[in-house]
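Student: Please read through the structure below; I'll follow up with questions.
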Amino acid sequence: MPLRLRESGVPLTVLLYRRPVGAVLPTDDVLVAGLRAGDEEMFACLLNSWSGSMLRLARSFVSTTASAEEVVQDTWLAVLQGIERFEGRASLQTWVYRILVNIARKRGSREHRTVPWTSLAPDQGPTVDPARFHGPDDQYPGGWRAFPERWPSTETEVLAHEVRAAVAKAIENLPTRQQVVLTLRDIDGQDAGAVCTLLGISAANQRVLLHRARAAVRSELEQYFGVAP
Amino acid sequence: MTCEELVELVTAFLDGALDPEAERRFVEHLAICDGCEIYVEQMRRTIAEVGQVEPESLSTETRDSLLEAFRAFPRD
């Protein structure tokens, strides 16, 4: 994990508070004990690690960013109130996210926002431009006309930073449901089953959303690397 | 399995969700096709890059009020 958040003069505690997503959190046992005991640093760490994904998830149920922020706030308050009763049947993160979905659903319906999680058929159509493959009358139907170009490695921190910015922009431009599934799977690292249960969608639907999201981000990266020197 | 078909199955493959027959054909194709090998590698790279993205964050006010609530929360 590259040291990308360190700035000179920033005390270590602040670094801990700003632990990037994907950093290893303690086990659930340690987290739960910390929350129960009032370990503020651990709570701050959890806030930093999960709130971003929670905002995205909340945003898919409610109508405004401000509303999503309140949902996240209410969720954390409910977590504090309920942590004594947490039994560890699901992971702590799954438990927290379920609380969030319940709060967000209620709020979404109060705002008369219909949530298209289950009502819509998954998006159709190919994720790679069909023009990149040979047509049915060619010698190798469905084969690449030209192979994708290999991407350079991003060895320098500056380039790695640019790539992350390109990826972040690509994620922002995804349809909401794809954004949420991609966030839960590839940023939070939840497994497919947990995501299906949380969102109440089928395994096939989850996979289509995830695949379309990844393919769209890949396509953006391809363009980025195509124009990068 | 054509290249055009394979690219739509990458996520199912990575999740181990292909049936054994489809998985066999996927792996066989991948073994002999540089284009698809590059494509799958780029999808893996994409997944890794997505995992590196900085999260959105709560507003400072919300964050501070939650930390305050945590501090003030009654504990035995």
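The values are calculated or read from the model by the stated rules, or taken from the named source; none is laboratory data. This one's a predicted model, so the numbers in the text were calculated from it and none came from an experiment. Cβ: placed from backbone, ideal geometry, glycine included. Neighbour counts: every protein chain shown.
Student: Given the options A:174, A:182, A:159, name the one that is within 7 Å of chain B (Cβ to nearest Cβ) and not β-branched (Val, Ile, Thr). Walk me through it before giving the result.
Tutor: Working: A:174 fails: within 7 Å of chain B (Cβ to nearest Cβ); A:159 fails: within 7 Å of chain B (Cβ to nearest Cβ).
Unique residue meeting the criteria: A:182.
Student: Of the residues A:107, A:56, A:36, which single one is closer than 30 Å to residue B:40 by Cα and touching an Asp or Glu at 6+ places or on another chain (Cβ under 9 Å)? Don't jump to the end; show me each part of the working.
Tutor: Values: A:107 fails: closer than 30 Å to residue B:40 by Cα; A:36 fails: closer than 30 Å to residue B:40 by Cα.
Result of the check over A:107, A:56, A:36: A:56.
Student: Further question on the same structure: Would you please list the contacts, defined by Cβ atoms under 8 Å and residues six or more apart or on different chains, that run from a residue in the stretch A:182-196 that is at positive phi to a residue that is modelled with pLDDT under 95?
Tutor: Qualifying pairs under 8 Å: A:189/A:22; A:189/B:51.
Student: Now for a separate question. Go through the stretch B:11-58 and count every residue that is among the polar types (S, T, N, Q) and either more than 7 Å from chain A (Cβ to nearest Cβ) or not in a helix (DSSP H, G or I) (or both).
Tutor: Looking only at that region, the number is 2.
Student: Can we say residue A:194 is at pLDDT 90 or above and either surrounded by fewer than 17 Cβ atoms within 10 Å (Cβ to Cβ) or among the charged types (D, E, K, R) (or both)?
Tutor: Against the criterion (at pLDDT 90 or above and either surrounded by fewer than 17 Cβ atoms within 10 Å (Cβ to Cβ) or among the charged types (D, E, K, R) (or both)), residue A:194 does not qualify.
Student: Right, here's the next one. Before we move on, is residue B:61 assigned to a helix (DSSP H, G or I), surrounded by fewer than 16 Cβ atoms within 10 Å (Cβ to Cβ) and under 23 Å from the mean Cα position of the chain (by Cα)?
Tutor: no
Student: Within the stretch A:185-201, which residues are touching a Leu at 6+ places or on another chain (Cβ under 9 Å) and more than 10 Å from chain B (Cβ to nearest Cβ)?
Tutor: Of everything in the stretch A:185-201, those that are touching a Leu at 6+ places or on another chain (Cβ under 9 Å) and more than 10 Å from chain B (Cβ to nearest Cβ) turn out to be A:190, A:194, A:195, A:198, A:199, A:201.
Student: Any residue in the stretch A:39-53 that is among the hydroxyl-bearing types (Ser, Thr, Tyr), surrounded by fewer than 17 Cβ atoms within 10 Å (Cβ to Cβ) and not assigned by TED's automatic domain parsing to the domain that holds residue A:213?
Tutor: For the stretch A:39-53, residues among the hydroxyl-bearing types (Ser, Thr, Tyr), surrounded by fewer than 17 Cβ atoms within 10 Å (Cβ to Cβ) and not assigned by TED's automatic domain parsing to the domain that holds residue A:213: absent.
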